[in-house]
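The values are calculated or read from the model by the stated rules, or taken from the named source; none is laboratory data. In this text, all values refer to a predicted model and were calculated from it rather than measured experimentally. Positions of Cβ are backbone-derived with ideal geometry, glycine not excepted, and every protein chain shown enters the neighbour counts.
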Amino acid sequence: MKPTDISAPDYLHKVVDCQWACPAHTPVPEYIRQIAAGDFAAAYLLNWRSNVFPGILGRVCDRPCEPACRRGRVDKEPVAICRLKRVAADFKEDIHELLPKAPTVKNGKRIACVGAGPASLTVARDLAVQGYSVTVFDSGQSAGGMMRSQIPKFRLPDSVIDEECGYVAGLDVELRQNEWIGSLRELLAGNWDAVFVGTGAPRGRDADLPGRKEAAAHIHVGIDWLANVAFGHVTKIARRVIVLGGGNTAMDCCRSARRLGGEDVHVVVRSGFDEMKASPWEKEDAIHEGIPIHNYLVQKAFTHDNGRLTGVLFEKVQAEYDAAGRRSLVPTGEPDVHRECDEVLLAIGQENAFTWIERDIGVEFDRHGMPVLDAKTLQSTLPRVFFGGDAALGPKNIITAVAQGHEAAISIDLFCRNEPLTQRPGPLVNLVSQKMGIHEWSYDNHVSEEARRKVPVKTLEEALKDIKLEFELGYDLKLACGETERCLNCDVATVFTPKLCIECDACVDICPTECITFTANGEEDELRGRLKAPAKNREQALYLAEGLKTGRVMVKDENVCLHCGMCAERCPTGAWDMQKFTIDVAQAGAEAPRS
Amino acid sequence: MTYLAKPKLLSADAPRNALGYTRRDYEGAISTLCAGCGHDSISAAIVQACFDLDIEPHKVAKLSGIGCSSKTPDYFLGNSHGFNSVHGRMPSVLTGAALANRNLIYLGVSGDGDSASIGIGQFAHAMRRGVNMTYIVENNGVYGLTKGQFSATADKGSKSKKGVLNSDSPIDLAALALQLGATYVARSFSGDKEQLVPLIKGALCHNGPALIDVLSPCVTFNNHSGSTRSYDYVRQHNEAVNRVEVILPRDPIEASYPPGSLRRIVQHDGSILHLRKLDIDYDPSDRIGAINHLQERQALGEIVTGLLYVDSSAQDMHSHLNTVEKPLNQLGDAYLCPGSKALHALNDALM
């Protein structure tokens, strides 16, 4: 196996599992340390730079970082990264003075963003600070897009959306609410230097089944219904409700229904419970609110009595897997199940709708009706039109929309400067020793063995009474500080210098997870099998260094390293050192590499 | 050393032995020795050996004297019996313990100061009496605790950290043990666990006095050029006569070696020592040959390591003394005081 080049930015970035997993590459361990130090404003701003909406994401992020968290591989549960983000947002002081200002002298380029959701607002923020004049068109009354219309207020209060959209607006970004763009051709006639389309996936999938038309008054498309609830157009629901679908929208629908008078609310999903798309914690919350989830049932028909919905008929299915592991749902042959209800909410998927984009202006669409894009630059076939968020590559989540917004902003910036879009700026990377003394490091290397803190919530009785009452209370400072201690500081990397090593084995002996081995080199597969603890997780790299006097190599399995620094404390020669790895992923305006 | 206790977090993939223990379960408190001390590696090798042999920690008694080496029993086998005795007196305390309860595995840990200076008389008698024990000498050639004066095993002509040359002749504990009747004698190096761990396993399985002289560099006072106990010097002058593999009766035998290169020794408890010969002429069952070989090579400046001598049919002190099988504290009153009838019978027998 070849020696590892830790100077390649991706190598140590991957070791910081949470940051690598985050689409926007938020520097998680650094902001957790800042929270531990009580510097909430700094933690907030670090988040703000990467993900633009820390207060919103601290409540409703899909948290790809948490399943990736190293702690989850050595302990029962990962660090509550998402909820710590909320702590930074909740406890910070007024940060207006600390935010960057848009330059007073503009660069003369005009950018239009369509939609005021997370993708558009990210583009607007990234470009506004670079001197662009950005105008955001949105059909809603206030900015936020689906964050405002789809997510129930008991999970995400309006005040948080107002605050964080306000920070973007404060950068001289012109937010034009209540302006529906009905024609891209007309918009393009306005001589914009670039147009960004961040209109989301605004159409909920319908279920064209027998009885749908007849009972239409009692069957609602979930995301439309949620928007109506969000804006106060819908304030109650019938007693017995069935929610069809197994994603997070279904969870929002059923929990909202519970708060609007639905006493007997059930979720019915085609797949198995474990394969549901909804995040595990959202399923838990729904079950906690007394909502049963029934699985392996496919809707066949809506039953009605002269247009009054009486229930839904389901076919029982089971999962079967072919040789390639692909799942298909096959009828079990058992009798159909009829479940009575008074109203149905459909949360079976979302679709894009680009009716407002003329098909003859140069923006090409594929056979699924999605724009043809360069996946990296997010540029459409009409060079000055860019896409991002759910509108670009299909429905995902807020943090992905933000990440795509950053990429689109880089592309727009390069495009406006007449530079090639493919020569994209690289990250800024730094690696600095944390050694302060023989046993002292500038980070807290003590490894907490405590369990994940539960987030305090309102009592069920209170929560179900008021749909606008935020259900989660967030961590208080004591819980937050305890939880920060659980972070393993994966960005403080173990760096090995072979020429200093005397091969005394001190690091091998002290390593609590037995991840260091000195042995003869070999092919990676074979090497993985003969380490002190076999390295079975192929997704995690082996750190290999050569140049030792005996001709052996040092192999460290990155998988379960606790970053406790014991190897470095035990090393008599300083061959091991703990060095903080910082990676600042490029945003619009960063220098592109010179070729 | 480090101030932090080792975190208990462990991957679910961490290896477990037949008893369900991980290596971590055989550890002790966090070491307070200098960072890079060879003794810590020996502690880790003992942990590994006990893990591999599926030894129940409560079946082990670890005893030591005074010195850096004798602190180490605190750092391994935290769930075993331990006794930190007077300077150099570990062998006699251990002998007493072994006489009182022969059902434990006895592990004596000592250093070159503890065993070759103040305790040499004790060392000699434990060997010649045939106490069933594993005697590990953590040999670094200096008195580390008192800032690096030469010990009795330091080579003549070797240089101290301050530049002083040693003018005294060294004691070779392995050669001495051979001469005194030890039935398992080995030498190894703390920086070579592949050699050391099997030697400790073989010793733990051996029925009789087993001495392992482990060269263990003192990273603070004896790891400079001019020292003959530094990591570099030992690596450069290490002449292993064989490599040992310990095979328990339950293990499948997989390895195959070219004819003549392997020697198979079955020990008293059924464990099998596979000796892969590195020096084809070396015979580890020849006590006199072993002593001669050690002397010859030492004259050439080489450090002979490996399993130097083993007597597979060794008998220990208990068989010499014809002692009772049961531990003394388990003998009931009826057995210990058989009554006046038995006394009369005994008296009559003496008439």
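Of note:
- In the stretch A:194-211, the qualifying residues are those that are within 16 Å of residue A:396 (Cβ to Cβ) and among the hydrophobic types (A, V, I, L, M, F, W, C), and the one that is surrounded by the fewest Cβ atoms within 10 Å (Cβ to Cβ) is A:201.
- Number of residues in the stretch A:332-379 that are in contact (Cβ under 8 Å) with a residue 40 or more places away in the chain, within 25 Å of the chain's Cα centre (by Cα), in a loop (DSSP other than H, G, I, E, B) and over 26 Å from residue A:213 (Cα atoms) equals 3.
- Single residue of A:384, A:359 found to be in the same structural domain as residue A:407 (by TED's automatic domain parsing) and modelled with pLDDT under 95: A:359
- Looking at A:37, A:42, A:21, just one residue is over 18 Å from residue A:164 (Cβ atoms) and more than 12 Å from the chain's Cα centre (by Cα), and that residue is A:37.
- Tally, over the stretch A:438-455, of residues that are within 11 Å of another protein chain (Cβ to nearest Cβ) and small (Gly, Ala, Ser): 1
- Pick from the stretch A:498-529, criterion more than 9 Å from chain B (Cβ to nearest Cβ) and of a type in the set (A, V, I, L, M), ranking: nearest to the chain's Cα centre (by Cα): A:516
- Counted residues, the stretch A:104-117 - those being in contact (Cβ under 8 Å) with a residue 60 or more places away in the chain and either assigned to a helix (DSSP H, G or I) or of a type in the set (Gly, Ala, Ser) (or both): 4
- Of all residues in the stretch B:298-351, those being surrounded by fewer than 13 Cβ atoms within 10 Å (Cβ to Cβ) and among the β-branched types (Val, Ile, Thr) number 1.
- The numbered conditions (1) at the interface with chain B (Cβ under 10 Å from one of its Cβ atoms); (2) assigned to a loop (DSSP other than H, G, I, E, B) are all true for residue A:486 except (1).
- Counted residues, the stretch A:283-311 - those being free of Cβ contacts under 8 Å to residues at least 60 places away in the same chain and of a type in the set (D, E, K, R): 3
- Qualifying residues in the stretch A:538-564 (those that are among the β-branched types (Val, Ile, Thr) and buried (at least 23 other Cβ atoms within 10 Å of the Cβ)) - the one farthest from the chain's Cα centre (by Cα): A:555
- Conditions (1) farther than 23 Å from residue B:223 by Cβ; (2) away from chain A (no Cβ under 14 Å): number failed by residue B:70: (1)
- Flag if residue B:147 is more than 21 Å from residue B:200 (Cα to Cα), surrounded by fewer than 18 Cβ atoms within 10 Å (Cβ to Cβ) and of a type in the set (D, E, K, R): yes
- Test: residue in the stretch A:386-400 that is in contact (Cβ under 8 Å) with a residue 60 or more places away in the chain, among the aromatic types (Phe, Trp, Tyr) and out of contact with any helix residue (DSSP H, G or I) (no Cβ under 6 Å at 6 or more places or on another chain): yes
- Residue that is nearest to residue B:297 (Cα to Cα) [pool: residues in the stretch B:222-238 that are within 21 Å of the chain's Cα centre (by Cα), part of a helix (DSSP H, G or I) and not β-branched (Val, Ile, Thr)]: B:235
- Neighbours by Cβ (under 8 Å, 6+ apart or cross-chain): first from the stretch A:531-551, within 11 Å of another protein chain (Cβ to nearest Cβ); second assigned to a loop (DSSP other than H, G, I, E, B) and among the hydroxyl-bearing types (Ser, Thr, Tyr): A:533/A:513; A:533/B:11
- All of (1) assigned to a loop (DSSP other than H, G, I, E, B); (2) within 25 Å of residue A:294 (Cβ to Cβ); (3) not aromatic (Phe, Trp, Tyr) hold for residue A:329 with one exception: (1).
- Residue list for the stretch B:179-203, restricted to those being away from every other protein chain (no Cβ under 13 Å) and surrounded by fewer than 24 Cβ atoms within 10 Å (Cβ to Cβ): B:179, B:180, B:181
- Leading residue by the ranking (nearest to residue B:275 (Cα to Cα)) among those in the stretch B:208-252 that are within 14 Å of chain A (Cβ to nearest Cβ) and basic (Lys, Arg): B:235
- Single unsatisfied condition, residue B:191 versus (1) in a loop (DSSP other than H, G, I, E, B); (2) modelled with pLDDT of 95 or more; (3) under 19 Å from the mean Cα position of the chain (by Cα): (2)
- Residue within the stretch A:456-476 that is within 11 Å of chain B (Cβ to nearest Cβ), in contact with a Ser or Thr (Cβ under 7 Å, 6 or more places away or on another chain) and not small (Gly, Ala, Ser) present: no
- Within the stretch A:1-103, helices (runs of 4 or more DSSP H) holding 3 or more residues that are over 23 Å from residue A:278 (Cα atoms), away from chain B (no Cβ under 14 Å) and out of contact with any Lys or Arg (no Cβ under 8 Å at 6 or more places or on another chain): A:9-15, A:28-36, A:40-51, A:81-91
- Residues that are of a type in the set (Asp, Glu) and free of Cβ contacts under 8 Å to residues at least 24 places away in the same chain were ranked within the stretch A:153-177; the one that is nearest to residue A:471 (Cα to Cα) is A:158.
- Tabulated pairs, the stretch B:21-43, first more than 9 Å from chain A (Cβ to nearest Cβ), second of a type in the set (Phe, Trp, Tyr), C-beta under 7 angstrom, 6+ apart or interchain: B:21/B:51; B:26/B:51; B:26/B:76; B:27/B:76; B:28/B:75; B:28/B:76; B:29/B:75
- The numbered conditions (1) in a helix (DSSP H, G or I); (2) away from chain B (no Cβ under 11 Å); (3) surrounded by 23 or more Cβ atoms within 10 Å (Cβ to Cβ) are all true for residue A:567 except (2).
- Restricting attention to the stretch A:147-164 and to residues that are of a type in the set (A, V, I, L, M) and not in a helix (DSSP H, G or I), the residue that is nearest to residue A:347 (Cα to Cα) turns out to be A:151.
- Residue B:18 meets the conditions (1) crowded, with 21+ Cβ neighbours inside 10 Å; (2) free of Cβ contacts under 8 Å to residues at least 40 places away in the same chain in every case but one. The failed one is (1).
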